[in-house]
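For reference, the structure is listed below as structure tokens.
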Amino acid sequence: MRIAVVGATGQVGRPLVAELVDRGHRVTAVTIHPELVAPDAAVAVVAADANDPAQLVDAIAGHDVVVTSIQYAKTDHAGLIASVKASGVPRHFVCGGSGTLRVPGTTTRIMDTESFPASFAASAAAAAHFWELLEQETELNWVYLSPPPGIGPGTRTGAYRRGGRELLVREDGAMPSISFADYILAIADELEEPSLVRDRFTVAY
């Protein structure tokens, strides 16, 4: 496939580009820091800002799917969705936030619980707003991936569990987690074998 990764130099975007290239896809790395992209014949590098509609539309047009892995607190949400639609790209994969995952068996978002860290409130609210706009979107083919709260550095195990709109709990009661390496694997797997349209999922160990 031809895949555009917006936010290609971030902690998710950088290894995702490498994973997709390893799988044989043609990747366009879209970033405001093109100098940080490692040279690779399979990667086209485009300097573009997600908040600049003209730049973004030009950067992602003609691809089979666009992945956005960006800081939603610094993003024009409605503008981003409009740009993806204007580009004609048929699929939009969103690396979103965990805050809107529901406490299992309830309709309560984990970001609304007392245990949710206050330091993450602003970024969670931004990701939640973007998610709410996507829920209203009936034309764009989008998928929203929520990581578990415990995402971070770690080894690649090659295994993960998939869930829907609820937090994936662990039997031992510990915080659900996943390494960036296995999170990347889950993204690439869904890109290659799409199972959702206008829906969300989560992953964890």
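The values are calculated or read from the model by the stated rules, or taken from the named source; none is laboratory data. Not measured: the values here are computed from a predicted model. Positions of Cβ are backbone-derived with ideal geometry, glycine not excepted, and every protein chain shown enters the neighbour counts.
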With the structure loaded, tell me whether Ala121 is among the small types (Gly, Ala, Ser), touching a Leu at 6+ places or on another chain (Cβ under 9 Å) and farther than 25 Å from Glu19 by Cα or whether it fails that test. no
From the options Ala61, Ala44, Ala38, Ala18, residue that is touching a Gly at 6+ places or on another chain (Cβ under 9 Å) and without any contact (Cβ under 8 Å) to a residue 60 or more places away in the chain: Ala61
So which residues in the range 1-16 are touching an Asp or Glu at 6+ places or on another chain (Cβ under 8 Å) and among the β-branched types (Val, Ile, Thr), if there are any at all? Ile3
Step by step: first the residues of the range 183-196, then only those that are touching a residue at least 40 places away in the same chain (Cβ under 8 Å) and among the acidic types (Asp, Glu), then the one that is surrounded by the fewest Cβ atoms within 10 Å (Cβ to Cβ). Which residue is that? Glu192
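Would you confirm whether any residue within the range 140-156 is β-branched (Val, Ile, Thr) and surrounded by 14 or more Cβ atoms within 10 Å (Cβ to Cβ)? Spell out the reasoning first.
Our first condition is that a residue be β-branched (Val, Ile, Thr); within the range 140-156, this holds for 143, 151, 155.
From the residues that got through so far, the ones that are surrounded by 14 or more Cβ atoms within 10 Å (Cβ to Cβ) too are 143, 151.
For the range 140-156, residues β-branched (Val, Ile, Thr) and surrounded by 14 or more Cβ atoms within 10 Å (Cβ to Cβ): present.
Select, from Thr31, Thr75, the only residue that is β-branched (Val, Ile, Thr), more than 19 Å from Val143 (Cβ to Cβ) and either surrounded by fewer than 15 Cβ atoms within 10 Å (Cβ to Cβ) or under 16 Å from the mean Cα position of the chain (by Cα) (or both). Can you show your working first?
Details: Thr75 fails: more than 19 Å from Val143 (Cβ to Cβ).
Every option except Thr31 fails the conditions.
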Out of the range 106-120, which residues are of a type outside the set (S, T, N, Q) and at pLDDT below 95? Glu114, Phe116, Pro117, Ala118, Phe120
Exactly one condition in (1) among the hydroxyl-bearing types (Ser, Thr, Tyr); (2) under 29 Å from Glu171 (Cβ atoms); (3) at pLDDT 95 or above is false for Thr28; which is it? (2)
So Val89 clears everything in (1) surrounded by 16 or more Cβ atoms within 10 Å (Cβ to Cβ); (2) out of contact with any His (no Cβ under 6 Å at 6 or more places or on another chain) except one condition, right? Which one? (2)
Quick one: count up the residues across the range 39-78 that are within 18 Å of Tyr144 (Cβ to Cβ), of a type outside the set (D, E, K, R) and in a loop (DSSP other than H, G, I, E, B). 5
Does Glu171 satisfy the condition of being charged (D, E, K, R), assigned to a loop (DSSP other than H, G, I, E, B) and under 18 Å from the mean Cα position of the chain (by Cα)? no
Pairs needed: first member in the range 126-152, among the hydroxyl-bearing types (Ser, Thr, Tyr); second member anywhere, surrounded by fewer than 16 Cβ atoms within 10 Å (Cβ to Cβ) and modelled with pLDDT under 95; C-beta distance under 7 Å; at least 6 residues apart or different chains. none
Provide a single number: the residues in the range 142-166 that are in contact with a strand residue (DSSP E or B) (Cβ under 7 Å, 6 or more places away or on another chain) and part of a loop (DSSP other than H, G, I, E, B). 9
Name the single residue that is surrounded by the fewest Cβ atoms within 10 Å (Cβ to Cβ) among those in the range 161-182 being closer than 16 Å to Asp22 by Cβ and either in contact (Cβ under 8 Å) with a residue 40 or more places away in the chain or among the aliphatic types (A, V, I, L, M) (or both). Ala181
